[in-house]
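Right, one structure below, let's go through it.
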Amino acid sequence: MSDPATNLVLYSHPFSSYCQKALVAFYEKGLPFGHRNLEQPEAMDELKASWPFGQFPILKEASGRVTAETSIIIERLDQIAPDTPMIPTDPDAALQVRFMDRVFDNHLQSNQQRIIYNTLRPEADRDPIADAEARAKLETAYAWLDGVMATRTWAAGGTFTLADCGAAPGLLYAHWTHAIPERFQHLWAYRRRLLDRPSYARVLDEARPYRGYFPLGAPDED
Ligand SMILES: N[C@@H](CCC(=O)N[C@@H](CS)C(=O)NCC(=O)O)C(=O)O
């Protein structure tokens, strides 16, 4: 690849949790890329022309190839820059990474997003039962993750992987949305390690100017 910076363009917004997940992988790999910031309305139009669901991020390559779904984007980055793999080559280790990635997407981020999307509705259309259910599921996720992280440095063991890319923004915003109880010390320590990881610390700093966007009001702390 002659000029990866122009060959790879990420359509994303710095404050979006799934975009942050992809950005962590770029920074872990030290992979140059172009950034199409979705603050610009025409960037969102371009994204929707390629991915009508309108979810972000997406990755566009100079060849015209478009990749959506963050976990798949990160798998694609592993194909392009395999030296710093986000998914191990060992099949069993890879399965564990993909499993933990699903846990963070489906049981943490999805429930956190449900609470936020419910908050964004007009007050009369909000669903308190859905809100309570999502909060209960977050409590289950916190307890389960605290047990898992009792013996691990990173989500799938001793190496930083795809699963940690999603866990970093997932745990940041989950705590902002529904506080992680203090008794979950292993989960707290893991969240701290993620915040201190240089790739995520950079993502977090880039997102700071947009904190006012957090619908529940962003706390002063990370
Ligand atoms: N499964 C998707 C989820 C992406 C996602 O939910 N992105 C949010 C931003 S963090 C979004 O697009 N929200 C607007 C929408 O769902 O219409 C992925 O992994 O990329």
(request) Only Cα pairs under 8 Å and at least 6 apart count here; give the relative contact order of region 13-92 as a rounded whole percent. (result) 30
(request) Would you work out the charge dipole size for region 91-213 about its Cα centre, treating the Cβ of every Lys and Arg as +1 and the Cβ of every Asp and Glu as -1, and quote it to the nearest 20 debye? (result) 260
(message) Let me check against my output: what whole-number percent is the relative contact order of region 77-222, with C-alpha pairs under 8 Å and at least 6 apart?
(response) 27
(request) Taking the dipole about the Cα centre of the chain, with the C-beta of Lys and Arg at +1 and of Asp and Glu at -1, give me whichever of ALA25, GLN79, TYR142 is farthest to the positive side. (result) TYR142
(request) Using only Cα atoms, locate the centre of region 206-222 and the centre of region 81-129, then give the distance between them in Å, rounded to an integer. (result) 20
(message) What lysines does LYS60 reach when the alpha-carbon gap must be under 25 Å and sequence neighbours fewer than 8 apart in one chain are set aside?
(response) LYS21, LYS29, LYS48
(message) What is the ratio of the Cα radius of gyration of the chain to 2.2 N^0.38 Å, with N the residue count, to two decimals?
(response) 1.01
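If packing is taken as the average count of other Cβ atoms within 10 Å, what order do 128-140, 181-193, 11-23 fall into, highest mean first?
Most protected by this proxy first, the peptides run 11-23, 181-193, 128-140.
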(message) Normalised radius of gyration for region 127-222, please: alpha carbon Rg relative to 2.2 N^0.38 Å, two decimal places.
(response) 1.11
(request) Please state the charge dipole magnitude for region 7-80, taken about the Cα centre, from unit charges on C-beta atoms (+1 on K and R, -1 on D and E), reported in debye and rounded to the nearest 20. (result) 80
(request) Give me the orientation-averaged projected area of the Cα convex hull of region 7-80, in nm², one decimal. (result) 4.4
(message) I need the peptides 159-167, 119-127 ranked by packing, meaning the mean over residues of other C-beta atoms within 10 angstrom, with the highest value on top.
(response) 159-167, 119-127
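Based solely on its DSSP helices, what 222 nm [θ] is calculated for the chain when runs of n ≥ 4 H residues each add -39,500 (n - 2.57) and the sum is averaged over all residues, nearest 500 deg cm²/dmol?
Only helices count here, giving -17000 deg cm²/dmol.
All of the numbers you see were taken from the coordinates with simple rules; none came from a lab. Since this is a predicted model, take the numbers as computed values, not measurements. Here Cβ is always computed from backbone atoms with ideal geometry, including for glycine, and neighbour counts include all displayed protein chains.
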